[in-house]
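Here's the structure, in C-alpha cells; my notes come after.
The values are calculated or read from the model by the stated rules, or taken from the named source; none is laboratory data. Every value quoted in this text rests on a predicted model; they were computed, and no experiment measured them. Methodologically, a virtual Cβ is constructed for each residue, glycine included, from the backbone with ideal geometry; neighbour enumeration extends over all protein chains shown.
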Amino acid sequence: MSKVIKVEGRAVPVEGNDIDTDRIIPARYLKEITFTNMGKYPFYDERFDAEGRPKGHPFDLPQFQGASLLFVNQNFGCGSSREHAPQSLMRWGVRAIVGESFAEIFAGNCTMLGIPTVTVGRAEMEGLQALVKERPTTAFTLDLEKKLLLSGGKEHLKIEVHESKRNALINGTWDSTGLLLANGDKTAEVAKRLPYVAGF
Amino acid sequence: MAKGTLYNKVWNAHVVEKLPTGQYQLFIGLHLIHEVTSPQAFDMVTEKGLKVAYPERTFATVDHIVPTQSQARPFQDGEAEQMMGAIERNVRKFGIQFFDFGSGSQGIVHIIGPENGLTQPGMTIACGDSHTSTHGAFGTLAFGIGTTQVRDVLATQCLAMDALKVRRINVTGRLKPGVTAKDVTLFIIQKLGVKGGIGYAYEYGGEVFDAMTMEERMTVCNMAIEGGARVGYVNPDQVTFDYLKGRKYSPSEEKWDKVVAYWGSFASGPDAQYDDVVEFKGEDIEPIVTWGITPDQSVGVNDRLPAVGKFSDDEVKTVELAYRHMDLKPGEPIKGTPIDVAFIGSCTNGRLSDLREAAKVAKGRKVSPKVRAFVVPGSQQVKVAAEKEGLDKVFREAGFEWREAGCSMCLAMNPDKLKGREISASSSNRNFIGRQGSKDGRTMLMSPAMVAAAAIEGKVTDAREFMK
C-alpha cells in the first residue's frame, strides 16, 4: 500500500455547505454491484439536465479537467454512508479534499481509500476557492508531513488534519485490514472475554 | 474526555489494541449487512484471499432495492435482481445467516436487528448504512460504515476507529399530547444543527427518554446521524430489558437475571463526565415539519417559515438554496402547504407503533384525491403484526396503499419514487435534494401521524386536530 505524503496538482472548487452524499452520487447508481463505473457519476444531477447535457458544473468546465484536489466548504459528505461517494470522486480524479469540515463517515471512507480530508478556516477556504476560479492553472501541493498547503509554489497555508488519519496516510497503513489481521489472536481473546459472544 | 459513560464502558470492553496510527482496534459484536453496500466488500475479501473471520456474527437481509408492490422474483428491475443474486451467492459462499423473503423476518436492517433480539445492550454494532445509530436505543455503540470497512469487519470482525467525544442531551419534563419521538429528534437537530454532532456520540437522557418506549427511542437514535453524530444512544433500563425478553435471539429465561445485571452495568454512572451537556424542555416541543433541504431546516407546525436574515452567515447560502428548491417563501405558514405524495415507513418510522399512530388519524377518514399515499411496513414481522390488528384495513379503507416491507421511498432505490417537482410528506429521515428519486422532487419530514393527517387534508396539517 502506498504512502500518501504529498498530493500535487490543480484544484477544482465545489461551493456550498452541507453537500450530502445523495448529491455527490444519486442512489440509483448504487445499484451497480462494482465501483468500476462510479467515476462517471459524481454530482450527476447537478451536472446534467434531463437530456444529459452539461449545465456548467465545475466538474465539467475545461479549466478544471485533470484537477486532483477538491476544495469544499462545511460538513461536506453528510448523510448516507455510501462509499460510492468518495469512490466516484476518486475515480473522477480527486486525490485529496480540502474543506472547512467533513461529515464523520465520509471522512473515514476517504481515509480507507487513501484520500486525505484536511481542513482550513472559512476565510482561507473562500480565498482558495476564489483563487482557483480566477487562476485555475495554480499548482498546489498538499504536504501532509508538514501540514501545509502550498499554492503557486510559494504561498503557505497551515492545514488541520486528524492525527490518526495523517499517520495512516503518511505511513501507508490507511487500508486497515493488514493492521487488524495482525492482531487476530488478541481479537479472539476479546471475543472470548465478551459474555454475549459465548451466549452468556 | 468523557469518563464513566456508557460510551466509555462499551468502548473499553471492545478495544483489542491501540494501533500504530493512533486509532483503536475495536471488536464488533454484531455485524449487519444488506444488499447495496456489501457486494464489493465480499469481492475485496475474495480478491485479497481472505476469509470471513466470524461468520456467525454477521446477519444479512435485503431492504434497499426490494420492490414493495410485490416481492416476487425475478424483480422487474434487472439491476435490482442482479444485486439480489449477489447477496444470495455471498451469504451461501461465506455461511452467513440470511433473513430473506422466505424467512418471515426480512425487513429494514435496523428494524429486524432489534425485533429479533440481535441488538443487545453493551454491544458494538456496525452496518454499511448510516442509520445504524438506531441500535443505540438499546445502549449499544452502533456505527454506520462504508464498504471498505464492511470488508474489514468481514475479514477481521474489527474496525480501526477514533474515539468520539460524548455530549449528554437531557430532555426534561413531559411531552405535550400529540408530540412524538420524531418531533423530539427533529427538535434536537433543529437546535444543535446538522453539523453540531460532528466528533460526538450523543447520549440521550432525561425524563422524556425515561418515559419512551423502545420504538420511540429507536426513532430518536436513528436520526442522531442527521445531527452529525455518528453514534447516538440511550442508557439501558427496565424498558430495554422488558422489550428484549423472549425475542428470538435474546438470552434464555434461566440466564435472565445474570444477563440483565451485565447489560445494566454499561449504563452511564451518576459520576459520569461528559464533554458537553445540553438541556431542553419537553414542554417546548411541538409537532415539527421540515421545510428545507437539510433535516435542521424545520419549524413547528403552527409556525411561519423563518426569514433568511435569522440565519448565521454560515447557513445563509444553504437556506437560500433550500427556499429556491422547495419553492417556499419566508414568512409563509408551513401549515397548509399542499402535498402530492404521503409516505409512511422507513427505519425511522416503519415500526408497529408508528403504523398504529398513523392509523388512528386515518381511521374513518379518506385520503385527499390529489394525494398518492402509501404505507410500507418496516419488516415482514411488522406487516404481519399490523395486519393482525387490522391496520391494513384501516389504511386501505382510507385510500392508502398497503405495501411489502422495505426501505422504499426513503431513498427511492426501488420503484417507489417522486416524479418531477412532486412534494411529499414523509416519515423518513432525509429531505436532501433528489433523495426521494426525482432530482427536482421535494420532501417534508414529519411524524407518521402528521403524514397521515397531511394525506387526508392534502396539505400540511396539525395532526392534533384529528386527535380531539
Q: Those residues that are at the interface with chain B (Cβ under 10 Å from one of its Cβ atoms) and in contact with a strand residue (DSSP E or B) (Cβ under 7 Å, 6 or more places away or on another chain), I need them from the stretch A:22-53; list them, please.
A: A:48
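Matching residues to (1) crowded, with 23+ Cβ neighbours inside 10 Å; (2) at positive phi; (3) not in a loop (DSSP other than H, G, I, E, B):
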residue	(1), (2), (3)
B:195	no, no, no
B:208	yes, no, yes
B:216	yes, no, yes
B:220	yes, no, yes
B:249	no, no, no
B:279	no, no, yes
B:286	no, no, no
B:292	yes, no, no
**Q.** Hey, residue A:198 more than 10 Å from chain B (Cβ to nearest Cβ), under 30 Å from residue B:155 (Cα atoms) and surrounded by fewer than 14 Cβ atoms within 10 Å (Cβ to Cβ) or not
**A.** yes
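The rows are residues; the columns are (1) within 11 Å of another protein chain (Cβ to nearest Cβ); (2) among the β-branched types (Val, Ile, Thr).
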residue: B:85; (1), (2): yes, no
residue: B:89; (1), (2): yes, no
residue: B:96; (1), (2): no, yes
residue: B:111; (1), (2): no, yes
residue: B:114; (1), (2): no, no
residue: B:128; (1), (2): yes, no
residue: B:131; (1), (2): yes, no
residue: B:135; (1), (2): no, no
(Q) If I filter the stretch B:93-133 down to residues being of a type in the set (Val, Ile, Thr) and either assigned to a loop (DSSP other than H, G, I, E, B) or not assigned by TED's automatic domain parsing to the domain that holds residue B:146 (or both), which single residue comes out as nearest to the chain's Cα centre (by Cα)? (A) B:108
Q) Quick one: is residue B:18 on the phi < 0 side of the Ramachandran plot, free of Cβ contacts under 8 Å to residues at least 40 places away in the same chain, more than 7 Å from chain A (Cβ to nearest Cβ) and basic (Lys, Arg)? A) yes
Q: Hey, can you tell me all the residues within the stretch B:316-360 that are within 14 Å of chain A (Cβ to nearest Cβ) and over 15 Å from residue B:421 (Cα atoms)?
A: B:316, B:317, B:318, B:319, B:320, B:321, B:346, B:347, B:348
**Q.** Cβ-Cβ under 8 Å pairs, at least 6 apart or on other chains, the stretch B:392-405 side in contact (Cβ under 8 Å) with a residue 60 or more places away in the chain and more than 16 Å from residue B:448 (Cβ to Cβ), far side among the aliphatic types (A, V, I, L, M) and part of a loop (DSSP other than H, G, I, E, B)
**A.** B:404/B:66; B:404/B:376
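Among the residues that make up the stretch A:3-19, is at least one of them of a type in the set (S, T, N, Q), in contact with a helix residue (DSSP H, G or I) (Cβ under 8 Å, 6 or more places away or on another chain) and closer than 23 Å to residue B:77 by Cβ?
No: the stretch A:3-19 contains no residue that is of a type in the set (S, T, N, Q), in contact with a helix residue (DSSP H, G or I) (Cβ under 8 Å, 6 or more places away or on another chain) and closer than 23 Å to residue B:77 by Cβ.
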(Q) So the check is Cβ under 9 Å with 6+ separation or different chains; which pairs have a first residue in the stretch B:294-309 that's under 13 Å from residue B:329 (Cα atoms) and a second one that's part of a strand (DSSP E or B) and at pLDDT below 95? (A) none
(Q) Please go through (1) among the basic types (Lys, Arg); (2) out of contact with any helix residue (DSSP H, G or I) (no Cβ under 8 Å at 6 or more places or on another chain); (3) closer than 17 Å to residue B:183 by Cα for residue B:317 and return the number of the only condition it doesn't satisfy. (A) (3)
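Condition check ((1) within 12 Å of another protein chain (Cβ to nearest Cβ); (2) under 17 Å from residue A:2 (Cα atoms); (3) not β-branched (Val, Ile, Thr)) across all residues:
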{"site": "A:80", "(1), (2), (3)": "yes, no, yes"}
{"site": "A:87", "(1), (2), (3)": "yes, no, yes"}
{"site": "A:105", "(1), (2), (3)": "yes, no, no"}
{"site": "A:108", "(1), (2), (3)": "yes, no, yes"}
{"site": "A:120", "(1), (2), (3)": "no, no, no"}
{"site": "A:125", "(1), (2), (3)": "yes, no, yes"}
{"site": "A:164", "(1), (2), (3)": "yes, yes, yes"}
{"site": "A:170", "(1), (2), (3)": "yes, yes, no"}
Q.
Consider the stretch B:315-370. How many of its residues are assigned to a loop (DSSP other than H, G, I, E, B) and either buried (at least 17 other Cβ atoms within 10 Å of the Cβ) or not basic (Lys, Arg) (or both)?
A. 19
Q. Where residues in the stretch A:90-100 are surrounded by fewer than 23 Cβ atoms within 10 Å (Cβ to Cβ) and part of a loop (DSSP other than H, G, I, E, B), which of them is nearest to the other protein chains (Cβ to nearest Cβ)?
A. A:100
Q: State whether one or more residues within the stretch B:169-186 are of a type outside the set (Lys, Arg), under 24 Å from residue B:285 (Cα atoms), out of contact with any helix residue (DSSP H, G or I) (no Cβ under 7 Å at 6 or more places or on another chain) and part of a helix (DSSP H, G or I).
A: yes
Q: Could you tell me whether any residue of the stretch B:43-53 is touching an Asp or Glu at 6+ places or on another chain (Cβ under 9 Å) and in a loop (DSSP other than H, G, I, E, B)?
A: no
